[in-house]
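Undergrad: Here's a structure for you.
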Amino acid sequence: MPAPKPIHVLSDHVINKIAAGEVVERPASVVKELVENALDAGATQIEVEAVGGGRQLVAITDNGCGMGRDDALLAIERHATSKIQDVDDIEHVATLGFRGEALAAISAVSHFTLTTRPAADLAGTELVIAGGKLADVKDAGCPPGTRIEARRLFFNVPARRKFLRADATELAHIRQMFVVYALAHPEVGWRLVVDGREAMRLAAGATLGDRLRDIVGADLARQLRPLDLTRHDITVRGYAGQPAAARQDRTEQYVFINGRPASAAAIYHAINEGYHTLLPPGRHAPIFLFIEVDPEQVDVNVHPTKKEVRFRQPGAIRDAVIEAIRRALQPTPTTGITSSLLTMPPPTTAIAASAEQQIKLLIPDLPPPRTFQFPGLPMLPPSAPPPTAVPGAAPPAAAPTPAQELKNAAHSPWLWCRVLGQVGGLYVVLETEDGLVLMDPHAAHERVLFEQLLKQYTSHAVKSQGLLAPETVELLPATAEAVRENLPLLREMGFGLADFGGDAFIVDALPACLGGASSRAVLAAIAESLAKGGARGGSARAVEEAVAQAACKAAVKARDVLRLDEIEQLVVALARAEMPYTCPHGRPTIIFTSYGELHRKFGRA
């Protein structure tokens, strides 16, 4: 056995290298730390420069408050900061940085130059550091603000340098870091220079909507809906993407807490809950979430790089985020970031005239017959019989006024629509003003029934329809027990139920909107959902699950042959839905292909 080595205190040089390994993982980490310092200094214009993927050079230039010589010399020391004074300040940190480690860590593993000047001083200060050792201090002519250059990153830590990826990969991380902070602070002007060429420029004084449109593009911006909720001392704002824009990963989910890009398990749980019944498992909608809360309620001293935070009251934050997302996904006249991004034209005199023509059934200038504006009812000749309603679809209503038509049209997925038929014995083909739509009748009908039954349940106005003859439904023991425990809930949902002994139940009524659905299939599906819910039984999510299962079993089935008037009635009901794009389990109800996309595929673009 080797002899034990004596314990000794590490030198500052070794300590700084160890600290650098915690704070500086790659060139993008340098960008993060220096950009945060620039923002804390009150900068309104920040430039990020990278050469060779950040290996050769990472430079940050800002027009912030700058530093005098004494402060600049202190700033490069470990645990030197102006952000906090004592341990109590950590409990309510309002700045992005506070540890006082970034400059010391970066300068320990690079050739480091700091040039800075306060606006009140005539000359600035330049510090030159190589591998953590101060090499030179001198006066410098420079504009107000600070410029920091980190060259040859990890030149004195070869093992760490080997773990860096290709220049293109490291540059991608830098660009992502640039985008994250540009989104977090749209009021600041940003410029990214890569290998001497300007890669991105973002104007100062922008709104969040403007910044999103500049970064993610107008196509995605059209599918974003504003978040705006204030509850007690919690504010949730930003934009939430519609389910149609979902993808398989979270790369387009951005969370900012008091202006800090950060993450917390409670937040991602809340996002999943907010999109519950709108997205299938494994799909994630884009979201740009800004949470503002009292700094005392957030613990940012969790991770060396401040990637994660903890909330002192995570339940309140989670509930606020869920409510904000669900409110945002409700239909509103403006479905995107700004009205200028809408594909639907504003209510003009021409549209008003079209609405008036619809009411009078004078349609010489509209598309061919069997075409109708949504969410109005189908326009049929006066002699035509009324359409047969799909079970559970909305019954024919009195003709709306032109003003009501225009108001409702803002909520629907299209202004007008023409049913072309069914393909594959299943999918319905529709023509709209913007392109081609494929609709899954089962998913669409499921969404319609789900919203009708859930709305009736929440307003305590569920209508029941008695069966011609009571039916006996026998369940498995586990599901039967779940039904017994939730009999009041099921009765509130419109089911006429009685315990028949053993694992059997008597069903003598169903919710009216479920039409002629099989009571056995509906009750068995709901019972299974309640049994899986366990302790959640009776909770809001359990109710949604139960209603979703009921809607699924009552909806029209695949391969069901639908008449044209039944299809039209279903399309009308779907257009009136609050979220017409997905079924309660998250599957899409409609798939849209724009004329522009068709033109590109046929080489007409």
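Read-outs throughout are calculated quantities, based only on the coordinates presented, and are distinct from any laboratory measurement. If you're wondering where the values come from, they're calculated on a predicted model, not measured in any experiment. So basically every Cβ, Gly included, is an ideal-geometry build from the backbone, and we count neighbours across all protein chains shown.
Undergrad: Within 10 Å of each residue's Cβ, count the other Cβ atoms and sort Phe178, Phe602, Phe592 from fewest upward.
TA: Phe602, Phe592, Phe178
Undergrad: Ok, one more. Cα gyration tensor of segment 209-340, axes a ≥ b ≥ c as square roots of the eigenvalues: rounded (a/c below 1.5), prolate (a/b > b/c) or oblate?
TA: The shape class here is prolate.
Undergrad: Run the numbers for Glu578 and Ser464: contour at 0.36 nm per residue of separation, minus the present Cα-Cα distance, in nm.
TA: Result for the pair: 38.7 nm of gain on full extension.
Undergrad: Another question about this same structure. Can you list residues from other chains, or at least 5 along the same chain, whose modelled amide H is less than 5 Å from the amide H of Trp416?
TA: Amide H neighbours of Trp416: Phe374, Glu433.
Undergrad: Could you give the nm distance between label points at Ala504 and Arg247, where each point is 7 Å from its Cα heading toward the beta carbon?
TA: Taking the simple label geometry, Ala504 and Arg247 are separated by 5.6 nm.
Undergrad: Give me the dipole magnitude in Debye, nearest 20, for segment 209-340 about the Cα centre, with unit charges on the beta carbon: positive for Lys and Arg, negative for Asp and Glu.
TA: 240 debye
Undergrad: Work out the FRET efficiency for Glu433 and Phe602 from their Cβ-Cβ distance, taking R0 = 25 Å, and round it to the nearest 0.05.
TA: Between Glu433 and Phe602 the formula returns 0.80.
Undergrad: Let me ask something else about it. Long-range amide H contacts for Met200: which residues qualify at under 5 Å (H placed 1.01 Å from N, peptide plane, sequence gap of 5 or more or a different chain)?
TA: Answer set, sorted by chain and number: Leu192.
Undergrad: To the nearest 0.05, how large is the calculated FRET efficiency for Thr472 and Arg563 if R₀ is 30 Å and r is the Cβ-Cβ distance?
TA: Working from the Cβ atoms, E equals 0.35.
Undergrad: Can I ask one more? What residues from segment 36-52 fall in the zone where the backbone N is under 17 Å from a label point 7 Å along the Cα-to-C-beta line of Ala119?
TA: Once the point is set 7 Å along Cα→Cβ of Ala119, 38-46 turn out to lie under 17 Å by backbone N, inside segment 36-52.
Undergrad: Dipole of segment 430-537, Cα-centred, from +1 at each Lys and Arg C-beta and -1 at each Asp and Glu C-beta, to the nearest 20 debye?
TA: 360 debye
Undergrad: Using θ = phi - 60° and the Karplus curve 6.51 cos²θ - 1.76 cosθ + 1.60, what whole-Hz ³J(HN,Hα) does each residue of segment 479-489 get, with Gly and Pro shown as x?
TA: With coefficients 6.51, -1.76 and 1.60, one gets 6, 5, 5, 5, 5, 4, 5, 10, 4, x, 4 Hz.
Undergrad: Follow-up. Does segment 444-554 come out rounded, prolate or oblate, given a ≥ b ≥ c as the square roots of the eigenvalues of its C-alpha gyration tensor, rounded meaning a/c under 1.5 and, failing that, prolate meaning a/b above b/c? Write down the numbers at each step before the final one.
TA: Details: a/c = 1.59, a/b = 1.14, b/c = 1.40.
The shape class here is oblate.
Undergrad: Between Gln465 and residues 5 or more places away or on another chain, which pairs have amide H atoms under 5 Å apart, with H built 1.01 Å from N, and which residues are they?
TA: When sequence neighbours closer than 5 places are left aside, the close amide H contacts are Leu510, Ala512.
Undergrad: How high is the FRET efficiency between Asn272 and Glu481 when r is their beta carbon distance and R₀ equals 22 Å, given to the nearest 0.05?
TA: In this case the efficiency is close to 0.20.
Undergrad: Then there is this: So how do 561-569, 62-70, 25-33 stack up, highest first, on mean other-Cβ count within 10 Å?
TA: 25-33, 62-70, 561-569
Undergrad: Can I ask one more? Treating only the Cβ atoms of Lys and Arg (+1) and Asp and Glu (-1) as charged, compute the dipole magnitude of segment 12-206 about its Cα centre; round to the nearest 20 debye.
TA: Here the size comes out at about 960 debye.
Undergrad: Something else: Whole-Hz Karplus ³J(HN,Hα) for segment 583-592, in order, using 6.51 cos²θ - 1.76 cosθ + 1.60 and θ = phi - 60°, x for Gly and Pro?
TA: 7, x, 9, x, 6, x, 8, 9, 10, 9
Undergrad: Next question. What is the spin-label model distance, in nm, from Arg78 to Lys133 if the labels are put 7 Å beyond Cα along the C-beta direction?
TA: Output for this residue pair reads 1.8 nm.
Undergrad: Using θ = phi - 60° and the Karplus form 6.51 cos²θ - 1.76 cosθ + 1.60, what ³J(HN,Hα) does each residue of segment 574-580 get, whole Hz, x for Gly and Pro?
TA: Working through the residues one at a time gives 5, 5, 7, 5, 5, 10, x Hz.
Undergrad: How do the peptides 127-133, 182-188, 35-41 rank, highest first, by the average count of neighbouring beta carbon atoms within 10 Å per residue?
TA: 35-41, 182-188, 127-133
Undergrad: Highest mean first, what order results for 517-524, 549-556, 450-457 on Cβ atoms within 10 Å?
TA: 549-556, 450-457, 517-524
Undergrad: So what's segment 12-206 giving for Rg/Rh, alpha carbon basis, Kirkwood Rh from the mean inverse pair distance?
TA: On the way: Rg = 15.9 Å, Rh = 16.8 Å.
A ratio of 0.94.
Undergrad: Give the cross-link partners of Lys162 among the aspartates and glutamates, using a straight C-alpha distance below 17 Å as the criterion and excluding same-chain residues fewer than 8 apart.
TA: Within reach: Glu22, Glu25, Glu170.
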